[in-house]
1. Of the GluC sites (Glu not before Pro) in the range 112-211, which ones lie in a loop per DSSP and count no more than 12 other C-beta atoms within 10 Å?
2. Suppose every Lys and Arg Cβ carries +1 and every Asp and Glu Cβ carries -1, with no other charges. What dipole size does the range 161-237 come out with about its Cα centre, to the nearest 20 debye?
3. How about Lys302: which aspartates and glutamates have a C-alpha closer than 16 Å to its C-alpha, ignoring those fewer than 8 places off in the same chain?
4. In what sequence, highest mean first, do 45-52, 259-266 appear when ranked by Cβ atoms within 10 angstrom?
5. What's the whole-number percent of alpha carbon pairs in the range 78-129 lying beyond 12 angstrom?
6. What translational diffusion coefficient, in µm²/s and rounded to a whole number, does the Stokes-Einstein relation yield for the range 115-243 at 25 °C and a viscosity of 0.890 mPa s, taking the hydrodynamic radius as the Kirkwood radius over Cα pairs?
7. For Leu134, what residues show an amide H to amide H distance below 5 Å, using hydrogens built from the backbone and excluding near sequence neighbours?
8. Give the lysines whose C-alpha is closer than 25 Å to that of Lys96, dropping any in the same chain fewer than 8 places away, or say none.
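What follows draws every value from the coordinates through simple rules; no lab data is involved. This structure is a prediction, so every number in the text was calculated from the model and none was measured. Note that each Cβ is placed from the backbone with ideal geometry, even for glycine, and that neighbours are counted across all protein chains shown.
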Amino acid sequence: MRAAVLRARGRILAIGLAVCMLAVSSGCTGKSKPPPEPTELTIACVNQMTFDAFYRSALQSVYPNTIFKIVPMDDPIYYNTNLDIGVALKEMFETKNPDLVILYTQQYRYAADAGLLRDLENMASLNRFDLGTLYEGMLDKVRNNEEGKLYGLSPLFHASAVYYNKTLFKRYGVPLPAQDMTWDEILRLAGLFVDQPGGEDSVIGLNIPSLTKPFDLMSLIARTEGIEMYDKVANRLTFDSQAWRALISKVIAAYEHGTFNAEPFKGKGSIISQDEVRQRDLFAQGKAALRIADEYYITQLKRQKIEFEWGVLPGPVQARDPSRGGEVQTDSMFAIPAKSGHSYEAWKIIETVMSEKMGGVYAESEFGLPVQVNGRLAKDPLYEVFYRLRPMPQQSEFSLGIKEKNELQRIIDDETGAMIGGRKSLDDAIAAIQEAGSKLLPDRSRQK
């Protein structure tokens, strides 16, 4: 959880830096006329230091004489999903009355579902801002709330894709990967490399360095295919479903075949050395045929001056809807509170951040992919694959505490390990996960 929070904060800081760069690049306030100068605007974001370092210059390019009053959101309660983010956000909105908020994804969903945010669809229309110029996947993500409304906008997004080593495919006579591959197709293709000549030339089919156990890959596939592990309505785990049974069986078979590798990090606790990160990246070493990674991996490969020929394809895609896939993520949502006293002025700031000129600044920043579909990166052959897919719908969340989540993870890992070791059958292991895991779920009869 801590790592996820740090990544979210880091991306918010990164976006702030790019926003700051906008002020240097001659500033812009969109096509509409400059708004009247407000005396003061209240903005909720990470903290004062972040705002001063990364946001102030850009916002003052829009409102040079405005006083910006900052409401910090660096308290853990705003990031820890096991605490009640919704209560904390509602209290902050009601007591601090911010005019503009910059939220990470989880905070945004809570605020949107609680009715704390203003619908930006109407504001965009009234101000003649063309939402059609923005990446549809980002709009899908921000509309992923109970009402399906546009309560925020994110200037950047991140997405994964399928990287492949053309040199290895040609060397071993394996057919090059096709467009829009599903996980099944990727595993089948990766499995073809396992039986190739051994020794120093041996390669692995699929390399995802973050995998520490087979269940990590199962979770990735489940998210892509929309396979839920929890039924929120029935308040029950779903590992005994046919979908999970087939998924577990498939991944265990691929792991035992050697199609992909999964091993724990050697570092202590959450500390992982850069040396270990590099050692686990078998694709960059030319020892893996396929790799799933985000857009920044392109920059990493270029900096390492890789000698083999490689390419990028969109995916993995969902089997029943190939237009979706690619692990699309958005972290920093610019939104306007429903009770904002300066909603028009707040919109002008959002309009600036989402402008075409701002997209050009982002394209040079390496902080993520600009959402403008007419921008340079969206038309770049290497990067355009990240713009092709739309995100999968958000899955149901577990209403479990940290202790219960860790225990469920331990149960799953133990039972998965027993299957791999041949100590348990698939049916017995699934039954054990379902039974032991169900005991960790909250008793709704006692909650009423």
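1. Listed in order of number, the matching sites are Glu146, Glu147.
2. 120
3. Qualifying aspartates and glutamates at Cα under 16 Å: Asp281, Asp294, Glu364, Glu366, Asp380.
4. 45-52, 259-266
5. 67
6. 129
7. Amide H neighbours of Leu134, under 5 Å, 5+ apart: Val373.
8. Counting by Cα, and skipping residues close in sequence, Lys96 has these lysines nearby: Lys69, Lys149, Lys339, Lys348.
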